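Heads up, the thing below is written out as structure tokens.
The values are calculated or read from the model by the stated rules, or taken from the named source; none is laboratory data. Model, not experiment: these values are computed from the prediction. A quick note on method: Cβ atoms are made from the backbone with ideal geometry, for glycine too, and the neighbour counts reach across all protein chains shown.
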Amino acid sequence: MDPYLVLSKLFWLVAEPSSFLLTLWLGGTALLWTPWRNWGRGLVTLAALTTLAVAMFPIGQLVIKPIEDRFHPLVALPPRSPSSPPAKRWGSIRVDTFATPLRG
């Protein structure tokens, strides 16, 4: 197995935003019972404010909107060839009723 693949997976396990935020919470909480209480309070406060910002503000929407705006919405589906097989049905499909009319 490629060592870079393993290293990249391990790095992302630590660097993933949710894992990083959990590390801030746990590290700050652990420091509260040591002589470094002020550092612990600072980390817990930083983690709490970051969690509040992620929960309150549409950060994900703000990040993905420029990427979605780079591509034109699909106006109409291309005509289906008579030789193409019929579409398969794989059960229920979740359709985002908010984004579909805007993005196509």
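Under the condition of being closer than 21 Å to Ile59 by Cβ and assigned to a helix (DSSP H, G or I), the residues counted in the stretch 6-36 number 12. Among the residues of the stretch 37-81, those identified as at pLDDT 85 or above, assigned to a loop (DSSP other than H, G, I, E, B) and either surrounded by 13 or more Cβ atoms within 10 Å (Cβ to Cβ) or not basic (Lys, Arg) (or both) are Phe57, Pro58.
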